[in-house]
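Read-outs throughout are calculated quantities, based only on the coordinates presented, and are distinct from any laboratory measurement. For clarity, every value in this text was computed on a predicted model and none was experimentally measured. Here the Cβ positions follow ideal geometry from the backbone for every residue, glycine too, while neighbour counts run over all protein chains shown.
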Amino acid sequence: MGMSRRQVLGLGAGAAAVGATGVGVAIHERVLPGRHRIGYWLQLDGDPVPMPTDPPGQVEYATFSTAARPGVPEPWALSVPQGMSADGLPVIVVLHGYGDDHRFPFEELGFDRYQNRVIAEGAQPFAVATLDGGHSFWHERADGVDWARVVSDGLVPQLQEKGLDTSRLGLIGYSMGGYGALRLAAEELHGRVKAVGSMATAIYPDFERCPHPDAFDDERDYIENNLQDRLHKIKDLPVHLACGVNDFYIDINRWLAKQFDPEPQTLFVRGDHESDFWRRAAPVQMRFVADRL
């Protein structure tokens, strides 16, 4: 059970000596352990962000087939702005986080509603597409399924068949999907992506510190697919990075921002690793990417 704010105030001798607030700051700066819980007490997780009430997009659900995963129907979804046709629209592909699916960005985060909002505020019209990625971390796995190719060789041709302009392609991802978006921009979709938005990019300094046991099959898989060794390939790509300051990925996302020259646009504000922050950052990154398609 998590600590209450009253319990935090009674942390003991250390709190009595320097004051509860001082202890809280020290913990959050990693001088003392317990950073994430104290971030809640310091209200660094941010305010709740409800589902947007903007008009929904025209969302269509379907499946496609791809040689990257033979014999498996791949679920995907496409949102077109209200009252518009897909013909000739640029498109933003949204890659979900660990364990979510193609429905989650629309049904739980409201990406189609944010789509209509940013268009109403002046962005050029664009479509939004999603697909399933399970726990894949959006790269080729030991079982032979190449999840990056499911996107580049499976989904993208489907978008072309719908009449969308895939020469004006953007990517947005959160957590696992943020890693996947940047990796795809550097590899399978290199040179084809106009801009990327990544929220709480799930990258790790080494294999031993990966929190998800199936993020990579083994250390060799990590070495072959880590993002750090690919950043030079996207040094000229417009990138927007977002992360909540109470998110366990905040330090490495700040490090990531410094690997670009010039540094990318960032949104490092109050928030945690959860849907409230994805909703906070979604319209910002959507406008950033749409304006560069």
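How much length, in nm to one decimal, is gained on full extension between Lys235 and Asp217, taken as 0.36 nm per residue of separation minus their Cα-Cα distance?
Taking Lys235 through Asp217 to full extension adds about 3.7 nm, to one decimal.
Sum up the charges of everything whose Cβ sits under 14 Å from the Cβ of Gln82, counting Lys and Arg as +1 and Asp and Glu as -1, but leave Gln82 out.
Every neighbour counted, the sum reads -1.
Need one number: nm distance between label points at Gln265 and Val72, each 7 Å from Cα along Cα→Cβ, rounded to one decimal.
Using points 7 Å along Cα→Cβ, the separation is 3.5 nm.
Residues with amide H under 5 Å of His139's amide H, sequence separation 5 or more or different chain, H placed in the peptide plane at 1.01 Å from N; which?
Those lying under 5 Å, H to H, from His139 are Trp147, Ala148.
So in the chain, what percent of DSSP beta bridges are antiparallel if you round to the nearest 5?
Of all bridge pairs located within the chain, approximately 35 percent are antiparallel.
Can you say what percent of the DSSP beta bridges in segment 74-180, counting only those with both residues inside, are antiparallel? Round to 5. Numbers along the way, then the final one.
Values: 5 of 14 bridges.
Counting DSSP beta bridges with both partners in segment 74-180, the antiparallel share is about 35 percent.
Which net charge results for the neighbourhood of Arg192, defined as the other residues with beta-carbon distances under 13 angstrom from its beta-carbon, given Lys and Arg at +1 and Asp and Glu at -1?
It works out to a net charge of -1.
How large is the Kirkwood hydrodynamic radius of segment 58-290, in angstrom, based on all distinct alpha carbon pairs?
Numbers: mean 1/r = 0.0573 Å⁻¹.
For segment 58-290, the Kirkwood estimate is 17.4 Å.
Based on the Cβ-Cβ distance of Ala120 and Val145, what FRET efficiency does E = 1/(1 + (r/R0)^6) give at R0 = 35 Å, to the nearest 0.05?
That pair, Ala120 with Val145, gives E of 0.35.
What ranking do 165-176, 150-161 get when scored by the average of other Cβ atoms within 10 Å per residue, highest first?
Values: 165-176: 23.7, 150-161: 18.6.
With the highest mean Cβ count within 10 Å placed first, the list reads 165-176, 150-161.
Rounded to two decimals, what is the ratio between the C-alpha radius of gyration of segment 199-288 and 2.2 N^0.38 Å?
1.12
Let me spell out the model: positive unit charges on the Cβ of Lys and Arg, negative unit charges on the Cβ of Asp and Glu, origin at the Cα centre of segment 42-152. What dipole size does that give, in debye rounded to 20?
Around 220 debye, computed over segment 42-152.
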